[in-house]
Amino acid sequence: MSDIFAALRQEHQALLLAIDELRAIADGLDELPEHAVRHSLDGVYHFLTHRLKRHAAAEENTLYPLVGRILGSPQATATMSRDHIEVSRLADQMEWLLSHAAAFDLEQRKNLRRMLYGLHTLLKVHFVKEEEIYFPLLKNHLSRGEANRLLGKMAESSPREDGPPVQ
Ligand SMILES: [Fe+2]
Ligand SMILES: [Fe+2]
């Protein structure tokens, strides 16, 4: 039974490597030349809208409904789903900036830095909440068969390395 949660934690660990890059990019944003800012942000946008989005969708379809069942209400996971929506909203903002900014001046870099730090904090806290609250809850309440089915479904839609890394 512990294997399933090791697998889920492992998936989080892989995603957290890219999430930590968000802060590193924000830290160095002022020193980056124009083309490097765009390249880094393209990587961030791709990560948010592919790997991370697939992970969130898998949770919405499989993991969260099980947590809702255990807690006795589908609304129990609504605040976590709201986090997923907020990440999508910030990705949309980034896409808008990427498609509209002719150049990244100091003001735009300031806005981007806020956005990246916001995403980094939101995602770190979100992952901790899943690992410290949802995973133990599932571990204590799911049968072995249910846990294996959950792992299988999460693996089917798990993030794959199919695009440019965040850099
Ligand atoms: Fe999540
Ligand atoms: Fe997650």
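The values are calculated or read from the model by the stated rules, or taken from the named source; none is laboratory data. None of these values were measured; they are calculated from a predicted model. For neighbour counting, all protein chains shown are included, and Cβ atoms are generated from backbone atoms with ideal geometry for every residue, glycine included. Keep in mind that these areas ignore ligands, DNA and RNA; they rest on the heavy atoms of the full protein, side chains included. Shrake-Rupley method; radii C 1.70, N 1.55, O 1.52, S 1.80 Å.
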* Given the conditions (1) touching a residue at least 60 places away in the same chain (Cβ under 8 Å); (2) within 16 Å of ligand 1 (Cβ to nearest atom), report the number of the one that HIS84 does not fulfil. => (1)
* **Residue check for ALA26: of a type in the set (A, V, I, L, M) and closer than 30 Å to LEU138 by Cβ** => no
* To do: Among what's in region 87-107 and is touching a residue at least 12 places away in the same chain (Cβ under 8 Å) and outside any helix (DSSP H, G or I), pick the residue that is nearest to ligand 1 (Cβ to nearest atom).
  => PHE104
* Asked: In this structure, does SER40 turn out to be modelled with pLDDT under 95, part of a helix (DSSP H, G or I), away from ligand 2 (no atom under 16 Å from the Cβ) and farther than 24 Å from GLU156 by Cβ?
  -> no
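Matching residues to (1) within 13 Å of ligand 2 (Cβ to nearest atom); (2) of a type in the set (Asp, Glu):
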| site | (1), (2) |
| --- | --- |
| ILE85 | no, no |
| SER88 | no, no |
| LEU119 | no, no |
| TYR134 | yes, no |
| ASN140 | no, no |
| GLU156 | no, yes |
* **Flag for LEU17 being away from ligand 1 (no atom under 14 Å from the Cβ), under 18 Å from LYS124 (Cα atoms) and touching a Gly at 6+ places or on another chain (Cβ under 8 Å)** => no
* To do: Considering each of GLU146, GLU86, GLU107, GLU131 in turn, give the residue that is under 19 Å from ALA14 (Cα atoms) and charged (D, E, K, R).
  => GLU131
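Conditions tested, residue by residue: (1) over 30 Å from GLY28 (Cβ atoms); (2) free of Cβ contacts under 8 Å to residues at least 24 places away in the same chain; (3) open to solvent by less than 30 Å² (accessible area, probe 1.4 Å).
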site	(1), (2), (3)
ARG109	no, no, yes
GLY118	no, no, no
GLU132	yes, yes, no
SER143	yes, yes, no
SER157	yes, no, no
* Asked: Which one is farthest from ligand 1 (Cβ to nearest atom) among residues in region 51-81 that are basic (Lys, Arg) and open to solvent by 70 Å² or more (accessible area, probe 1.4 Å)?
  -> ARG69
* Looking at this structure, is LEU122 within 15 Å of ligand 1 (Cβ to nearest atom) and either without any contact (Cβ under 8 Å) to a residue 12 or more places away in the chain or assigned to a helix (DSSP H, G or I) (or both)? -> yes
* To do: Name the single residue, out of those in region 1-14 being closer than 22 Å to LEU122 by Cβ and open to solvent by less than 20 Å² (accessible area, probe 1.4 Å), that is nearest to ligand 1 (Cβ to nearest atom).
  => HIS12
